[in-house]
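Take a look at the structure set out below.
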Amino acid sequence: MTHHAAALRYARALFDVGLKEADPAEVGRALDEFAALVAGHVGLQRALANPAVPSPQKRAVVAAVLEKVAVPTMVGKLLLLLAERDRLALLPELAAAYQERLLDHQQVVRAEVTSAVLLPEDRLRELKASLAAVTGRDVRLEARVDPAILGGVVARVGSVVYDGSVARQLERMKDKLAHGYAF
């Protein structure tokens, strides 16, 4: 089983339990915070990722960290299980997969909008409302600037891309001219 598939399975299981027994958003926050704690501490990260360190010692390290930080019981149990199975390397991917599952449950979709210049807040709100109408979900919008698109906007929602950039329009005109099509 690949790391991605294993992370998805653990995330799904944690989400299902979290949905029944706790606030799934709080579970996600705790998982993210623990993953950030490990990522932010080089010594801890090396110890937990090192295959030479036996699993019982990794479990003891995780248990000691869990005594100092407050996490829901189910998150603590999962982290200890990951340590026992020497699967703590999955933690960043598991946290990301959990967050995606949580957003899906909350009917929220992530969207990325790229423009040639920084867009004003009112224009971003309009784009967010338009994307919400198209997707039927709440939209969490991330704006980026890429001068290479020349003008217009490129919106990416999941795997769907809405390309209204000037660069793309020029490319389409070039293709039409090259193939003798009329405008």
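What's the FRET efficiency of Asp163 with Leu118 using the Cβ-Cβ distance as r and R₀ = 25 Å, to the nearest 0.05?
Working from the Cβ atoms, E equals 0.85.
Using DSSP, restrict attention to beta bridges with both residues in the chain and report what percent are antiparallel, rounded to the nearest 5.
The antiparallel fraction comes to roughly 60 percent.
To the nearest 0.05, how large is the calculated FRET efficiency for Val108 and Ser55 if R₀ is 35 Å and r is the Cβ-Cβ distance?
The formula returns an efficiency of 0.45 here.
Once both axes come from the Cα atoms, what is the angle between helix 55-68 and the longest principal axis of the chain, in degrees from 0 to 90, rounded to 10?
Orientation of helix 55-68: about 80 degrees from the principal axis.
For Glu100 and Thr73, compute 0.36 nm times the residue count separating them, minus their Cα-Cα distance, and round to one decimal in nm.
7.6 nm
Kindly give the semi-axes, whole Å and largest first, of the ellipsoid equivalent to segment 61-149, taking each as the square root of 5 times a Cα gyration tensor eigenvalue.
Largest first, segment 61-149 gives 38, 16, 12 Å.
Using a ≥ b ≥ c from the Cα gyration tensor of segment 3-104 (square roots of the eigenvalues), is it rounded, prolate or oblate, where a/c under 1.5 gives rounded and otherwise the larger of a/b and b/c decides, a/b for prolate?
Cα axes put segment 3-104 in the prolate bin.
How are the C-alpha pair distances of segment 15-55 spread across 5 Å bins, as whole percents from the shortest bin up?
Bin by bin from 0 Å, the calculated values are 5, 23, 17, 16, 13, 15, 10, 1.
Could you tell me the center-to-center distance, by alpha carbons, between segment 110-124 and segment 39-83 in angstrom?
Their Cα centres are 40 Å away from one another.
For segment 108-178, what proportion of DSSP beta bridges, expressed in % and rounded to the nearest 5, is antiparallel?
Beta bridges within segment 108-178, antiparallel portion: roughly 60 percent.
Which entry in (1) 59; (2) 43; (3) 46 matches percent of Cα pairs over 22 Å apart derived from the coordinates of this structure?
Comparing each candidate, only (1) matches the computed number.
In nm, to one decimal, how far is the Leu80 label point from the Ala13 one, both placed 7 Å along Cα→Cβ?
1.5
Computed from the coordinates by the stated procedures, all read-outs in this text should not be read as laboratory data. All values reported here derive from a predicted model rather than from experimental measurement. Neighbour counts are summed over all protein chains in view; Cβ atoms, including those assigned to glycine, are modelled from backbone coordinates with ideal geometry.
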